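Reading through the structure tokens given below for one structure.
The values are calculated or read from the model by the stated rules, or taken from the named source; none is laboratory data. Bear in mind the structure is a predicted one, so any value in this text is a computation, not a measurement. Neighbour counts are summed over all protein chains in view; Cβ atoms, including those assigned to glycine, are modelled from backbone coordinates with ideal geometry.
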Amino acid sequence: MVKICGIGAGYVGGPTMAVIALKCPSIEVAVVDISESRISAWNSNKLPIYEPGLEEVVNQCRGKNLLFSTDVEKHVHEADIIFVSVNTPTKVKGLGAGKAADLTYWESAARMIAHVSNSDKIVIEKSTVPVRTAEAIGKILTHNTKTKGINYQILSNPEFLSEGTAIQDLLNPDRVLIGGNQDPQGLDAIQKLKAIYTHWVPQDRIITTNLWSAELSKLADNAFLAQRISSINAMSALCEATGAEVSQVSLALSKNTKIGPKFLNASVGFGGSCFQKDILNLVYICESNGLTEVANYWREVIKVNEYQKSRFVHRVVTSMFNTVSGKKIAILGFAFKKDTSDTRKTPAIDVCKGLLGDDACLSIYDPRVTQNQIEKDLSISCSGVKHVNVVGDAYEAIRDAHGVCILTEWDEFKTIDYERVYENMVKPAFVFDGRNMLDVDKLRKIGFIVYSIGKPLDQCG
Ligand code: UDX
Ligand code: UDX
Ligand code: ADP
């Protein structure tokens with residue numbers, strides 16, 4: 001029986017390993033993590049991350065061919081194939097601070113693999129890493145192994161899942177990318193990994209490349225997606241200035257088959273753990289290679305995203321007669337997008353901080369994000385701070401508020417009874433739709449002053 005070990009039980013490692021276990025009953029999958037609390041949550045009825053469909057997959061496999069453990073060394077020692085999905089945050093100090101990927105966790109995982117291995121291993125990069133990381137990992141592995149003659153093959157097999165649709169993305173991927181050395185041993189390792197995916201992914205969706213193309217493709221993929229959002233968000237500012245409607249512009253663009261329909265929703269800005277981190281990483285790699293113009297090109301994608309968030313705050317404050325001081329504002333949605341509890345780099349953090357900077361009183365509601373998490377993200381303790389209140393439902397958040405900001409496109413915000421909430425708000429009552437999800441005309445008929453990204457401004461506003 002082939003044994004697989006997945007190091008890192010986070011947003012990527014957890015769902016990915018669970019789906020491999022589901023689709024390959026003949027393979028034993030051990031998911032390991034140094035975090036005891038994470039592992040005990042994976043072994044409980046309350047999984048550490050929310051992802052539609054995940055619970056069902058875990059319940060089906062856990063205790064059969066899927067296990068979660070903190071005994072990292074044992075399972076690495078026993079495995080033939082090791083997927084590494086540890087976190088690679090942006091460095092906060094030292095060389096490349098603020099841009100370069102921090103590979104500390106990766107390096108310690110690699111040293112641990114070398115330390116405990118006494119048989120050949122295929123080591124797979126799942127987490128997004130800078131291009132040429134495999135070279136460094138290879139050196140760490142070969143220089144630290146105690147048993148002579150062990151062969152390590154490093155493959156790059158980046159994960160393209162999106163949070164909120166992780167299980168669907170894993171079950172039915174657009175493509176699976178496998179990069180490896182192009183010598184006979186490398187090609188053999190590529191085939192072994194391909195054999196796992198062919199349990200459920202059609203052959204023609206599995207692309208094999210050299211190591212560096214696979215590593216760079218992941219960074220390129222996220223950079224291209226983020227660039228589309230910043231492009232449409234830049235257009236949204238111009239729409240507001242000219243009377244064009246960004247949703248109409250998006251529609252026109254989407255019908256050009258060279259452009260296509262996806263990732264053209266103007267928003268308050270993109271968030272999530274990947275886009276900003278990976279673009280900054282790309283910027284750093286470009287700079288390290290002396291490619292200043294290329295670095296500047298990608299840096300602008302981030303700048304437009306920052307601009308979009310601050311533009312939103314500016315719009316809220318100016319619409320509300322240049323002061324939000326002491327005014328209650330309801331914040332609906334805190335996660336970086338719907339159907340996830342993840343708040344990493346969510347635009348809500350900057351928007352809330354911006355409004356708090358103008359002394360607004362925030363009443364925050366998100367269906368999946370905990371109060372504790374929101375407090376952590378805003379670096380405050382809500383209890384005792386009268387400016388921030390985290391509440392349990394949308395109606396409570398909106399009651400007696402001057403304005404409502406929609407920051408995440410949760411479906412339930414569409415079905416709020418806006419007539420009812422209007423009655424209980426201070427007048428004039430404002431709605432700032434940062435996700436363009438509400439029916440602007442309907443809200444205006446009720447009496448709201450409405451601001452929507454990239455749409456003509458309310459004449460009353
Ligand atoms: C373009 C638009 O495609 C068309 O919809 C619009 O109406 C007019 O402008 P055109 O300029 O005729 O059409 O040619 P196009 O095929 O889009 O190529 C424009 C330039 O981009 C060319 O220099 C082409 O070589 C270059 N290009 C195009 C690339 O370098 N890479 C590509 O992947 C595609
Ligand atoms: C992304 C990539 O899509 C995925 O391929 C990669 O593996 C990981 O990074 P994820 O961060 O989970 O996935 O979410 P995604 O759906 O890409 O959304 C990222 C951000 O962009 C969210 O804040 C979302 O709200 C925003 N977004 C997305 C828009 O503002 N407009 C859009 O049209 C699409
Ligand atoms: P991602 O979104 O990339 O999955 P997460 O932060 O959710 O990122 O998950 C990464 C996981 O990797 C964390 O649970 C962390 O505890 C784990 N981890 C980091 N370093 C190691 C290591 N050396 N060995 C085992 N697990 C690790």
> Restricting attention to the stretch 88-128, which residues are within 16 Å of ligand 2 (Cβ to nearest atom) and surrounded by 17 or more Cβ atoms within 10 Å (Cβ to Cβ)?
Replying inline: THR88, THR90, ALA101, ILE124, GLU125, LYS126, SER127, THR128
>> For the stretch 82-110, give me each residue that is in a loop (DSSP other than H, G, I, E, B) and under 20 Å from the mean Cα position of the chain (by Cα).
In response: SER85, VAL86, ASN87, THR88, PRO89, LYS91, VAL92, GLY98, LYS99, ALA100, ASP102, LEU103
> Among the residues of the stretch 250-264, is there at least one that is in contact with a helix residue (DSSP H, G or I) (Cβ under 7 Å, 6 or more places away or on another chain), among the polar types (S, T, N, Q) and in contact (Cβ under 8 Å) with a residue 40 or more places away in the chain?
Replying inline: no
>> Would you confirm, using the coordinates I've provided, whether ALA397 is more than 25 Å from ASP339 (Cβ to Cβ), at pLDDT 95 or above and either surrounded by 15 or more Cβ atoms within 10 Å (Cβ to Cβ) or not hydrophobic (A, V, I, L, M, F, W, C) (or both)?
In response: no
> When ILE206 is evaluated against the numbered criteria (1) in the same structural domain as GLN60 (by TED's automatic domain parsing); (2) touching a helix residue (DSSP H, G or I) at 6+ places or on another chain (Cβ under 6 Å), which criterion, by number, is the only one it fails?
Replying inline: (1)
>> Within the stretch 229-240, does at least one residue satisfy the condition of being in the same structural domain as LEU362 (by TED's automatic domain parsing), out of contact with any Cys (no Cβ under 8 Å at 6 or more places or on another chain), within 12 Å of ligand 2 (Cβ to nearest atom) and closer than 25 Å to PHE160 by Cα?
In response: no
> Which of the residues that make up the stretch 444-456 are within 31 Å of the chain's Cα centre (by Cα) and buried (at least 19 other Cβ atoms within 10 Å of the Cβ)?
Replying inline: VAL450, TYR451, SER452, ILE453, GLY454, LYS455
> If you scan the stretch 212-221, which residues turn out to be within 9 Å of ligand 2 (Cβ to nearest atom) and either surrounded by fewer than 23 Cβ atoms within 10 Å (Cβ to Cβ) or among the acidic types (Asp, Glu) (or both)?
Replying inline: ASP221
>> I want to confirm something. Restricting to the stretch 33-74 and keeping residues that are without any contact (Cβ under 8 Å) to a residue 40 or more places away in the chain and among the aliphatic types (A, V, I, L, M), which single residue is nearest to ligand 2 (Cβ to nearest atom)?
In response: LEU47
>> Suppose the filter is within 16 Å of ligand 2 (Cβ to nearest atom) and hydroxyl-bearing (Ser, Thr, Tyr); does TYR365 pass it?
In response: no
>> I'm trying to understand the selection: among the residues of the stretch 14-40, which are surrounded by 23 or more Cβ atoms within 10 Å (Cβ to Cβ) and more than 16 Å from ligand 3 (Cβ to nearest atom)?
In response: ALA21
>> Against the conditions (1) crowded, with 21+ Cβ neighbours inside 10 Å; (2) within 16 Å of ligand 2 (Cβ to nearest atom), where does MET320 fall short? Just the number, please.
In response: (2)
>> Take the residues in the stretch 257-281 that are among the aliphatic types (A, V, I, L, M) and not in a helix (DSSP H, G or I); name whichever of them is surrounded by the most Cβ atoms within 10 Å (Cβ to Cβ).
In response: VAL268
> Applying the selection to the stretch 176-209, what residues are part of a loop (DSSP other than H, G, I, E, B) and either in contact with a Leu (Cβ under 6 Å, 6 or more places away or on another chain) or over 25 Å from GLU56 (Cβ atoms) (or both)?
Replying inline: ASN181, GLN182, ASP183
> Which condition number does ILE140 fail, the rest of (1) of a type in the set (A, V, I, L, M); (2) under 21 Å from ASN210 (Cα atoms); (3) surrounded by 22 or more Cβ atoms within 10 Å (Cβ to Cβ) being met?
Replying inline: (3)
> Counting just the residues of the stretch 43-65 that are over 25 Å from the mean Cα position of the chain (by Cα) and buried (at least 16 other Cβ atoms within 10 Å of the Cβ), which one comes out nearest to PRO25 (Cα to Cα)?
Replying inline: ASN65
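This table checks each residue for (1) at pLDDT 95 or above; (2) of a type in the set (Ser, Thr, Tyr).
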{"site": "HIS75", "(1), (2)": "yes, no"}
{"site": "ASP80", "(1), (2)": "yes, no"}
{"site": "VAL84", "(1), (2)": "yes, no"}
{"site": "THR88", "(1), (2)": "no, yes"}
{"site": "ALA101", "(1), (2)": "no, no"}
{"site": "ASN118", "(1), (2)": "no, no"}
{"site": "LYS121", "(1), (2)": "yes, no"}
{"site": "PRO130", "(1), (2)": "no, no"}
{"site": "LYS139", "(1), (2)": "no, no"}
>> Can you report the number of residues in the stretch 304-343 which are closer than 21 Å to GLN276 by Cβ and not β-branched (Val, Ile, Thr)?
In response: 18
> Taking the stretch 403-435 only, how many residues are surrounded by fewer than 21 Cβ atoms within 10 Å (Cβ to Cβ), part of a loop (DSSP other than H, G, I, E, B) and in contact with a Lys or Arg (Cβ under 9 Å, 6 or more places away or on another chain)?
Replying inline: 2
> Got a sec? Which of TYR307, TYR284, TYR297 is in a helix (DSSP H, G or I), more than 12 Å from ligand 2 (Cβ to nearest atom), farther than 28 Å from VAL426 by Cα and in contact with a Gly (Cβ under 6 Å, 6 or more places away or on another chain)?
Replying inline: TYR284
>> So, GLY96, is that one closer than 25 Å to LYS194 by Cα, touching a residue at least 24 places away in the same chain (Cβ under 8 Å) and more than 11 Å from ligand 3 (Cβ to nearest atom) or not?
In response: no
